[in-house]
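Take this structure, written in structure tokens, and hold onto it; I'll ask about it next.
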Ligand code: SF4
């Protein structure tokens, strides 16, 4: 077995909980993925355009819609030129058109609100809620949007999801926010939905101390399980069809 990562994140945690073998391949053995979904490139280019737009506004500038769209296109082309992506049954142009619409929806929705800081990295230590003992590695993450005691999480999604879909991440980020500031944050989940006619859905999410304790319990239990090195079994599910290690998983049998 290779070395465990020197930190953990929500993505690592959900990967491990979803399939321990995928976690092993991705984070311990650090294997090269057999496929990369174009959804990743799309989400990344959308986030970059929003980050740039918010940054400009924090500097007192107000970029035009076309400037934001151009920034998105530049980032999109850079993403798809740097790596091979799986576009499934769509064309790169179709992805690009959807991405432009999502960015425009976001800008239209938030233009009347004060700008927020974006892509803010954090690092905290998570402690066992029962014993108080901290994990030996830090928990890291990135707040998509940060204001005065408010956090916005941006999701690009194929359909509108219930807030439960994001419960673990929201609980984790509330835990981190309280560690960093001593106060809870107000959370908003901003879903950029890639339906035939793309749309934006913005919802307030209530995340309390019980949720934070739940996250800490899940994180500590999962970390102990990972550290023991004995529980990297496959977990076959509907997610296997999109797994980037599908072939490796079959060969490992
Ligand atoms: S193919 Fe399925 S069981 Fe195998 S690693 Fe991927 S998600 Fe896990």
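Answer yes or no: is there a residue in segment 154-168 that is at pLDDT 95 or above, under 29 Å from residue 132 (Cα atoms) and crowded, with 19+ Cβ neighbours inside 10 Å.
Scanning segment 154-168, I find at least one residue that is at pLDDT 95 or above, under 29 Å from residue 132 (Cα atoms) and crowded, with 19+ Cβ neighbours inside 10 Å, so the answer is yes.
Something else now. Just name the residue that is farthest from residue 144 (Cα to Cα) out of those in segment 10-39 that are at pLDDT below 95 and away from the ligand (no atom under 16 Å from the Cβ).
38
For residue 203, are the conditions met, namely being over 20 Å from the mean Cα position of the chain (by Cα) and outside any loop (DSSP other than H, G, I, E, B)?
In short, no.
Further question on the same structure: Looking at segment 221-236, which of the residues that are part of a loop (DSSP other than H, G, I, E, B) and at pLDDT below 95 is surrounded by the most Cβ atoms within 10 Å (Cβ to Cβ)?
Per the criteria, the residue is 232.
Moving to a separate point now. Report whether or not residue 7 is in contact (Cβ under 8 Å) with a residue 60 or more places away in the chain and either surrounded by fewer than 17 Cβ atoms within 10 Å (Cβ to Cβ) or away from the ligand (no atom under 12 Å from the Cβ) (or both).
yes
Residue by residue, here is whether (1) more than 19 Å from the chain's Cα centre (by Cα); (2) buried (at least 20 other Cβ atoms within 10 Å of the Cβ); (3) farther than 26 Å from residue 244 by Cα holds:
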{"residue": "22", "(1), (2), (3)": "no, yes, no"}
{"residue": "37", "(1), (2), (3)": "no, no, no"}
{"residue": "46", "(1), (2), (3)": "no, yes, no"}
{"residue": "50", "(1), (2), (3)": "no, yes, yes"}
{"residue": "65", "(1), (2), (3)": "yes, no, yes"}
{"residue": "69", "(1), (2), (3)": "yes, no, yes"}
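Okay, moving on. Does residue 63 satisfy the criteria of being outside any helix (DSSP H, G or I), modelled with pLDDT under 95 and in contact with a helix residue (DSSP H, G or I) (Cβ under 6 Å, 6 or more places away or on another chain)?
Judged against the criteria, residue 63 is not a match.
Continuing with the same structure: For residues that are touching a residue at least 40 places away in the same chain (Cβ under 8 Å) and touching a helix residue (DSSP H, G or I) at 6+ places or on another chain (Cβ under 9 Å), scanning just segment 180-198, find the one that is farthest from residue 141 (Cα to Cα).
The selected residue is 198.
Mind listing whichever residues of segment 237-248 are more than 6 Å from the ligand (Cβ to nearest atom) and exposed (fewer than 15 other Cβ atoms within 10 Å of the Cβ)?
Selection gives 237, 238, 241, 242, 247.
Among the residues of segment 75-96, count how many are exposed (fewer than 13 other Cβ atoms within 10 Å of the Cβ) and either assigned to a helix (DSSP H, G or I) or at pLDDT 95 or above (or both).
Total meeting the criteria: 4.
The values are calculated or read from the model by the stated rules, or taken from the named source; none is laboratory data. Note that the coordinates shown come from a computational prediction; the quantities given were computed from them, not determined experimentally. Positions of Cβ are backbone-derived with ideal geometry, glycine not excepted, and every protein chain shown enters the neighbour counts.
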